[in-house]
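Asks: One structure, pasted below without further comment.
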């Protein structure tokens, strides 16, 4: 872990402010492209309200959505165990000063301590590498979209057609509930838990960066066209823009398994990364995990 | 621009699917916990805030900040209405709700209660929290112990919208129409 004048806690506050108040430019462009091909007037009213809101949020420095979600953290590179507490204190401070909505509760008693902390919160994924930097990324996941997450343990015989069917049905069955059009993250392979984790990680990379795997790239495009051709539209009210991008991540799996996970994001795909090196901190709004 | 302000049953029944409306007037918020408490108090014969009766109920858990002794609405977009499906028919019938603002739509039995009482479902744009907050001022809250998101906030709306009539008071639902014609390629 490299020591800088700016504390890690402050970097976490900056990350949460950036992710909450400014829509990543790649997502903004995708929304504008969606509006350009939309023909339904109701759909246009929804996309117009979204873009108006994005501008106001950035201008006023306020969270673009009241559901500031659960911030899911990814720490990559070199780091030591103190970073866990730094992230926790950053979340607590950001909750007070940005402000964020206090969202975390005990699952049984539903008790809310008002600080977005509590057992297991926030979730932090650690990815140690030999790089000479520490990179902290955050993905804000609201409940409207998170509640639509689906996992299927398909049979290998179901193949690509089975994957395709499951992804399309998951998105269409969710309808307007996860605030479409958003980014759909798909995990294929791994163990059940890895599969779901991959489906979230897939949302972190900018949607204008192409999948390097040709087969996956073709599947992403196929799903993108099929879902947008469904007629579901913004907020499930009908129209031609139902998804901004489909991103797939894979890993090897058991020869007898074909796990597929679908994480549905809302239009407000909110992410931010900070790469910390010896010379300073560089902020961005997309990262490869 | 169609503006609803203290709508009567007749006003509500005249709204059609796809109409775009704005609200100027009183709106209360309520999510899962507010619904559960309102219905529980009613069952137990306890007093329920009078604002609920004949109200416009907004499925919203806002971000609020305390400023100069008053409350400021920071962000206030709609939450997913389907979570309240099992509670809403009772709410509509017990309190005579006139309109529900939310996102994603509600179930067929809620639609039936809406038809019976004369109530509509208005779709607000999910996530448009700052634009919608700019149309709202707060007049305090009931049941603040439920937490910021779950409390029942009393809002005064000034041209709150655009809101799409997505479920009317004749049993029609735009969501159902869209769902029925989905192309599952």
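Asks: Take the stretch A:210-239 and flag every residue that is more than 26 Å from residue A:42 (Cα to Cα) and in a loop (DSSP other than H, G, I, E, B).
Replies: A:210, A:211, A:212, A:213
Asks: Return yes when residue A:53 is away from every other protein chain (no Cβ under 12 Å) and either closer than 30 Å to residue B:22 by Cα or modelled with pLDDT of 95 or more (or both) and no when it is not.
Replies: So residue A:53 fails the test.
Asks: Can residue A:62 be described as assigned to a loop (DSSP other than H, G, I, E, B) and in contact with a strand residue (DSSP E or B) (Cβ under 6 Å, 6 or more places away or on another chain)?
Replies: In short, yes.
Asks: Here are the criteria: (1) over 24 Å from residue B:184 (Cβ atoms); (2) in contact (Cβ under 8 Å) with a residue 40 or more places away in the chain. Tell me which single one residue A:237 does not satisfy.
Replies: (1)
Asks: With the requirement that a residue be in contact with a strand residue (DSSP E or B) (Cβ under 8 Å, 6 or more places away or on another chain) and within 14 Å of chain B (Cβ to nearest Cβ), what does the stretch A:65-92 give you?
Replies: Of everything in the stretch A:65-92, those that are in contact with a strand residue (DSSP E or B) (Cβ under 8 Å, 6 or more places away or on another chain) and within 14 Å of chain B (Cβ to nearest Cβ) turn out to be A:65, A:66, A:68, A:69, A:70.
Asks: Does residue A:60 satisfy the criteria of being closer than 23 Å to residue B:127 by Cβ, over 21 Å from the mean Cα position of the chain (by Cα) and either more than 14 Å from chain B (Cβ to nearest Cβ) or modelled with pLDDT of 95 or more (or both)?
Replies: For residue A:60, the condition - closer than 23 Å to residue B:127 by Cβ, over 21 Å from the mean Cα position of the chain (by Cα) and either more than 14 Å from chain B (Cβ to nearest Cβ) or modelled with pLDDT of 95 or more (or both) - is met.
Asks: Looking at (1) modelled with pLDDT of 95 or more; (2) within 17 Å of residue B:57 (Cα to Cα), which one does residue B:148 not meet, given that it meets all the others?
Replies: Unmet condition: (1).
Asks: In addition: Hey, any hits in the stretch A:79-93 for a residue that's free of Cβ contacts under 8 Å to residues at least 60 places away in the same chain, under 26 Å from residue A:194 (Cβ atoms) and in a loop (DSSP other than H, G, I, E, B)?
Replies: yes
Asks: Would you pick out the residues in the stretch A:119-128 that are closer than 23 Å to residue A:7 by Cβ and assigned to a loop (DSSP other than H, G, I, E, B)?
Replies: Within the stretch A:119-128, A:121, A:122, A:123 meet the criteria.
Asks: In the stretch A:253-288, what residues are exposed (fewer than 15 other Cβ atoms within 10 Å of the Cβ) and in contact with a strand residue (DSSP E or B) (Cβ under 6 Å, 6 or more places away or on another chain)?
Replies: Hits for the stretch A:253-288 are A:282, A:283.
Asks: Let me ask something else. Taking the options A:167, A:184, name whichever one is in contact with a strand residue (DSSP E or B) (Cβ under 6 Å, 6 or more places away or on another chain), more than 22 Å from residue A:252 (Cβ to Cβ) and either surrounded by fewer than 19 Cβ atoms within 10 Å (Cβ to Cβ) or at pLDDT 95 or above (or both).
Replies: When all the criteria are applied, what remains is A:184.
Asks: Strands (runs of 3 or more DSSP E) wholly in the stretch A:241-286 with at least 3 residues that are within 14 Å of chain B (Cβ to nearest Cβ) and touching a residue at least 60 places away in the same chain (Cβ under 8 Å) - which ones?
Replies: Correct list: A:243-251.
Asks: Inspect the stretch B:47-62 for any residue being under 22 Å from residue A:235 (Cβ atoms) and more than 12 Å from chain A (Cβ to nearest Cβ) and give the result as yes or no.
Replies: yes
Asks: When you go through (1) farther than 24 Å from residue B:81 by Cα; (2) within 14 Å of chain B (Cβ to nearest Cβ); (3) surrounded by fewer than 15 Cβ atoms within 10 Å (Cβ to Cβ) one by one for residue A:147, which number turns out not to apply?
Replies: (1)
Asks: Scan the stretch B:68-86 and tell me whether some residue there is more than 14 Å from chain A (Cβ to nearest Cβ), over 30 Å from residue A:95 (Cα atoms) and over 11 Å from the mean Cα position of the chain (by Cα).
Replies: Scanning the stretch B:68-86 turns up at least one residue that is more than 14 Å from chain A (Cβ to nearest Cβ), over 30 Å from residue A:95 (Cα atoms) and over 11 Å from the mean Cα position of the chain (by Cα).
Asks: On to the next question. For the condition more than 9 Å from every other protein chain (Cβ to nearest Cβ), more than 21 Å from residue A:265 (Cα to Cα) and out of contact with any strand residue (DSSP E or B) (no Cβ under 6 Å at 6 or more places or on another chain), what is the one hit in A:95, A:104?
Replies: Result: A:95 is the single residue among A:95, A:104 that is more than 9 Å from every other protein chain (Cβ to nearest Cβ), more than 21 Å from residue A:265 (Cα to Cα) and out of contact with any strand residue (DSSP E or B) (no Cβ under 6 Å at 6 or more places or on another chain).
Asks: Checking the condition more than 28 Å from residue A:43 (Cβ to Cβ) and within 14 Å of another protein chain (Cβ to nearest Cβ), which residue from B:151, B:185 passes?
Replies: None of the other options fit; the residue is B:151.
The values are calculated or read from the model by the stated rules, or taken from the named source; none is laboratory data. Computed from a predicted model, the values in this text were never measured in an experiment. Ideal geometry is used to build each Cβ from the backbone, glycine not excepted, and the neighbour counts take in all protein chains shown.
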